[in-house]
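Beneath this line is the structure, given in structure tokens, with notes to follow.
The values are calculated or read from the model by the stated rules, or taken from the named source; none is laboratory data. Note that the structure is a prediction, hence the values are computed from the model and not measured. Note that each Cβ is placed from the backbone with ideal geometry, even for glycine, and that neighbours are counted across all protein chains shown. Heavy atoms of the whole protein, side chains included, go into the accessibility calculation; ligands, DNA and RNA do not. Shrake-Rupley method; radii C 1.70, N 1.55, O 1.52, S 1.80 Å.
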2 protein chains.
Amino acid sequence: MASQIQQNLEQKNAQYASSFKEGHLALPPAKKYAVVTCMDARIDPAAAFGINLGDAHVIRNAGGNARDSIRSLVISEQLLGTNEILLIKHTGCGMLTFKNEDAHAVVEKQLGASGKQELSGLDFQPFPDLEKGVEDDVKFLKESKAIPDSVTITGWVYEVETGKVRKVA
Amino acid sequence: MASQIQQNLEQKNAQYASSFKEGHLALPPAKKYAVVTCMDARIDPAAAFGINLGDAHVIRNAGGNARDSIRSLVISEQLLGTNEILLIKHTGCGMLTFKNEDAHAVVEKQLGASGKQELSGLDFQPFPDLEKGVEDDVKFLKESKAIPDSVTITGWVYEVETGKVRKVA
């Protein structure tokens, strides 16, 4: 039996599809850029960052993490023609609130020995300072040999309290 | 000087922030679920999948790839209390169109020897069959010791041509 969350998906999607008129859009992003941001539930990238359907790749993970995004970014740039990256972290991010050892302790408590072993080598990639986190990730991408120098890379902070974005790197 | 893409972000975001009223939302997703889907520019998860602001984590990468999402999913479930995953791949996905060796050949041609070396061990994780790709990723998550058995996991296909979603696993 479908869960309430699955029923919500089916019902809301049926409404969306009933007035859908964008089936003609091409695979490569029309505006040739990629956004890397956090999975946080309080961020709606299309609305908050002004991304029209078909315009940009949107990569999201815990923290808006650059290292986790390399596979996707190389595909975006080298195979699908994008040439600009906006990296956007945000205030109130969960990744600002814990250290790796805290996460591993929770994993061990909740998933037991097999979960602990499965994730033993994992860097959860928390970061203690928001603006420095943005600066570090922009630096990482600029220095990465996987991203050509011709790609424009900037770093931003989104405020979940106000809906405002500001450039920091 | 800000690029057109950065100017678009600043201008559209100023409009968004001017009527923003959701600054009170809590960090943990209100509806306790996570969506894993593709970075593809033709997907607007909030609109197409009926996700209200604050309700769900949204993880996006090339292909809506489960393996790439493990770090984010463990944080979502173990630290932020989600207990259901919707994995949604889509028709017309770029990941259906190439093989690993094709991607590595493009990388070598466009990024040269240093880029080739940087990415030498990378699995770009293309998949040749859409529905099987969904099934394989759902199986991977269900079998992963990093995801407890109590988490509900389903797999879906989104049609970029029609805006419709359908359950396949």
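Scanning the stretch B:35-61 for residues that are in a strand (DSSP E or B) and facing chain A (nearest Cβ under 7 Å) returns B:56, B:57, B:58, B:59, B:60, B:61.
Kindly indicate which of A:32, A:99 is touching a Ser or Thr at 6+ places or on another chain (Cβ under 7 Å) and open to solvent by 10 Å² or more (accessible area, probe 1.4 Å).
Working: A:99 fails: touching a Ser or Thr at 6+ places or on another chain (Cβ under 7 Å).
Just one listed residue meets the conditions, A:32.
Within the stretch B:67-78, the set of residues being among the charged types (D, E, K, R) and more than 7 Å from chain A (Cβ to nearest Cβ) comprises B:67, B:77. Read through the list (1) closer than 23 Å to residue A:97 by Cα; (2) among the acidic types (Asp, Glu); (3) without any contact (Cβ under 8 Å) to a residue 40 or more places away in the chain, then give the number of the only condition that residue B:102 fails. For residue B:102, the exception is condition (1). Of all residues in the stretch A:1-29, those satisfying the criterion of being among the hydrophobic types (A, V, I, L, M, F, W, C) and either within 7 Å of chain B (Cβ to nearest Cβ) or open to solvent by less than 70 Å² (accessible area, probe 1.4 Å) (or both) are A:2, A:5, A:9, A:14, A:17, A:20, A:25, A:26, A:27.
Please find, among A:92, A:81, A:64, the residue that is surrounded by fewer than 19 Cβ atoms within 10 Å (Cβ to Cβ), more than 9 Å from chain B (Cβ to nearest Cβ) and assigned to a loop (DSSP other than H, G, I, E, B).
A:81
Got at least one residue in the stretch B:2-22 being at pLDDT below 95 and in a loop (DSSP other than H, G, I, E, B)? Walk me through it before giving the result.
Here is the first cut: in the stretch B:2-22, the residues at pLDDT below 95 are B:2.
Next cut, in a loop (DSSP other than H, G, I, E, B) only: B:2.
So far as the stretch B:2-22 goes, yes, one or more of its residues are at pLDDT below 95 and in a loop (DSSP other than H, G, I, E, B).
Each residue in the stretch B:114-124 was checked for being touching an Asp or Glu at 6+ places or on another chain (Cβ under 7 Å) and outside any helix (DSSP H, G or I), and 0 of them qualify.
Scanning the stretch B:105-135 for residues that are touching a residue at least 60 places away in the same chain (Cβ under 8 Å) and open to solvent by 20 Å² or more (accessible area, probe 1.4 Å), which turns out farthest from residue B:166 (Cα to Cα)? The qualifying residue farthest from residue B:166 (Cα to Cα) is B:125. Of all residues assigned to the stretch A:99-113, none qualifies as being part of a loop (DSSP other than H, G, I, E, B) and closer than 26 Å to residue A:33 by Cβ. The residue of the stretch A:136-167 that is most open to solvent (accessible area, probe 1.4 Å), among those that are more than 30 Å from residue B:107 (Cα to Cα) and part of a loop (DSSP other than H, G, I, E, B), is A:164.
Okay, residues lined up against (1) modelled with pLDDT of 95 or more; (2) under 19 Å from residue B:61 (Cβ atoms); (3) at the interface with chain A (Cβ under 7 Å from one of its Cβ atoms):
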{"position": "B:107", "(1), (2), (3)": "no, yes, yes"}
{"position": "B:117", "(1), (2), (3)": "no, no, no"}
{"position": "B:127", "(1), (2), (3)": "yes, yes, no"}
{"position": "B:133", "(1), (2), (3)": "yes, yes, no"}
{"position": "B:137", "(1), (2), (3)": "yes, yes, no"}
{"position": "B:140", "(1), (2), (3)": "yes, yes, no"}
{"position": "B:147", "(1), (2), (3)": "yes, yes, no"}
